Each structure stands twice: as structure tokens, then as C-alpha cells.
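Remarks on the structure that follows.
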Amino acid sequence: MKKTFIRISTFALTLVLLLCFVSCVPLAPKDKSFSKAGLTITLTEEFSEQELVTQTAYYVSQKAIVTTLKEDGSSISDYTVKQYAELVISVNNLANTTATEKDGYAEFTYEKNLNGKDYYYYARCFKNGTDFWLVQFSCETKNTETLTPSFEKWASSITFSS
């Protein structure tokens, strides 16, 4: 009887410890799609949409920010997406930053100090019809290595509707 009680107690204790461990393991956040002005991007449910007057859309989580800016490209309709990216770099005085053209988009990265903190930015530029889009992903530079794969995944999820 005593052995049976010890076995049941050991099993119950092991089960409780296992359940505690499993409940403490954070689950990966689920994907969540956001759409605004013809652009759809899949981020995670950690993001919420907020208003930012200077941007078409503004998505915020605890560790990252995503901004989208739709610009009427009718005055620069003959520009390629890389030329548009270079224009963005020039207008924003992003020294030592170079745009690279990939499959249907251009990209560049840069760092800035805002309010005493260093931030990393990953930008992708797109051309959709006559419109140009600037989509930027940012985080504190200390999180760059961790978040860069997510930035690339989220950027690759971008689609446009007519």
C-alpha cells in the first residue's frame, strides 16, 4: 500500500511539474493580416494598428514598428523602384545607405538615434501601377539580429490589390 501511494504521488508530482513547464513555454503568436489603401501585410497578432498622420498605415508591437507610405508616383512615373528607393535615401539624408534591387522591389537598411535610443530600419520599396510604396520595419538595434528574419518574412508577405 505504501509503495502504491509513493508511485501515485510521484506520478502526480511529475504530472504537475510537466504541466507547469508546458504552461510557461510561450506560444508563438499567430499570424494576422492587415490591409490599408490596397496593401496587405501579414504580421502577427502582437501588432495593433494605430494612427500616424505622416504614414498610410502604422502597426506597433512591443518590439517592432511597421510603417507603410503610399505615394502618388504620377510625377515620377518613369522612375524604377530602385530610383524611387534612391530618392527616399537622398531626401532623408541617409548617408552611407545604398538601395539594392531585387525581384520586383528595392531595399535598404539604415540606423538612426531617436530620443537617446539606437534604431535599426529595414525598408522595402514597391511600385504598384503609378503608386510607389515605402514599407519600413524598425526595432531597437539591440533586437536587430533577432527580428531581421521576421522583418524579411513580413516584407515577403506584402501583396497589393487593384
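The values are calculated or read from the model by the stated rules, or taken from the named source; none is laboratory data. Just so we're clear, the structure is a prediction, and the values are computed from it rather than from any experiment. Ideal geometry is used to build each Cβ from the backbone, glycine not excepted, and the neighbour counts take in all protein chains shown. For accessibility, only protein heavy atoms count, side chains too; no ligands or nucleic acids. Shrake-Rupley method; radii C 1.70, N 1.55, O 1.52, S 1.80 Å.
Quick check, is Y110 open to solvent by less than 80 Å² (accessible area, probe 1.4 Å), over 24 Å from S161 (Cα atoms) and either of a type outside the set (D, E, K, R) or in contact (Cβ under 8 Å) with a residue 40 or more places away in the chain (or both)? Step through it out loud before you land on a result.
On the way: open to solvent by less than 80 Å² (accessible area, probe 1.4 Å): yes; over 24 Å from S161 (Cα atoms): yes; either of a type outside the set (D, E, K, R) or in contact (Cβ under 8 Å) with a residue 40 or more places away in the chain (or both): yes.
For Y110, the condition - open to solvent by less than 80 Å² (accessible area, probe 1.4 Å), over 24 Å from S161 (Cα atoms) and either of a type outside the set (D, E, K, R) or in contact (Cβ under 8 Å) with a residue 40 or more places away in the chain (or both) - is met.
Among the residues of the stretch 135-149, how many are open to solvent by 40 Å² or more (accessible area, probe 1.4 Å) and either touching a helix residue (DSSP H, G or I) at 6+ places or on another chain (Cβ under 7 Å) or within 27 Å of K70 (Cβ to Cβ) (or both)?
Of the stretch 135-149, the ones open to solvent by 40 Å² or more (accessible area, probe 1.4 Å) are 140-142, 145-146, 149.
With the extra rule that they be either touching a helix residue (DSSP H, G or I) at 6+ places or on another chain (Cβ under 7 Å) or within 27 Å of K70 (Cβ to Cβ) (or both), the set shrinks to 140, 149.
Result for the stretch 135-149: 2.
Would you confirm whether any residue within the stretch 82-102 is within 28 Å of T146 (Cα to Cα), of a type in the set (S, T, Y) and in contact with an Asp or Glu (Cβ under 8 Å, 6 or more places away or on another chain)?
yes
Note down all Cβ pairs under 7 Å where the first residue falls in the stretch 76-88 and is over 11 Å from D131 (Cα atoms) and open to solvent by less than 20 Å² (accessible area, probe 1.4 Å), the second is outside any helix (DSSP H, G or I) and modelled with pLDDT of 95 or more, and they're at least six residues apart or on different chains.
A85/A99; A85/A106; A85/F108; A85/C125; V88/C125; V88/L134
Take the stretch 107-153 and flag every residue that is under 21 Å from A57 (Cα atoms) and among the hydroxyl-bearing types (S, T, Y).
Within the stretch 107-153, T109, Y110, Y119, Y120, Y121, Y122, T130, S138, T148, S150 meet the criteria.
Going through the stretch 123-149 one residue at a time, which ones are touching a Lys or Arg at 6+ places or on another chain (Cβ under 9 Å) and of a type in the set (S, T, N, Q)?
Hits for the stretch 123-149 are N128, Q136, S138, T141, N143, T146.
Name the residue, out of G104, G73, G38, that is on the phi > 0 side of the Ramachandran plot and surrounded by 15 or more Cβ atoms within 10 Å (Cβ to Cβ).
Only one candidate qualifies: G38.
For the stretch 125-145, which residues satisfy the criterion of being touching a residue at least 60 places away in the same chain (Cβ under 8 Å) and not in a strand (DSSP E or B)?
N143
Select from the stretch 73-124 the residues that are part of a helix (DSSP H, G or I) and over 24 Å from S156 (Cα atoms) and list them in ascending order.
The answer is S74, S75, I76, S90, V91.
Assess whether K153 counts as being open to solvent by 30 Å² or more (accessible area, probe 1.4 Å), modelled with pLDDT of 95 or more and within 14 Å of the chain's Cα centre (by Cα).
yes
Can you pull out the residues in the stretch 89-101 that are open to solvent by 30 Å² or more (accessible area, probe 1.4 Å) and either of a type in the set (S, T, N, Q) or within 15 Å of F137 (Cα to Cα) (or both)?
Correct list: S90, N92, N93, N96, T98, T100.
Return yes or no: is T141 of a type in the set (S, T, Y) and either on the phi > 0 side of the Ramachandran plot or in contact with a Leu (Cβ under 8 Å, 6 or more places away or on another chain) (or both)? Spell out how you get there, then give the answer.
Values: of a type in the set (S, T, Y): yes; either on the phi > 0 side of the Ramachandran plot or in contact with a Leu (Cβ under 8 Å, 6 or more places away or on another chain) (or both): no.
No.
How about the stretch 54-72: which of its residues are in a strand (DSSP E or B), touching a Lys or Arg at 6+ places or on another chain (Cβ under 7 Å) and more than 26 Å from K142 (Cα to Cα)?
Result: no residue meets the conditions.
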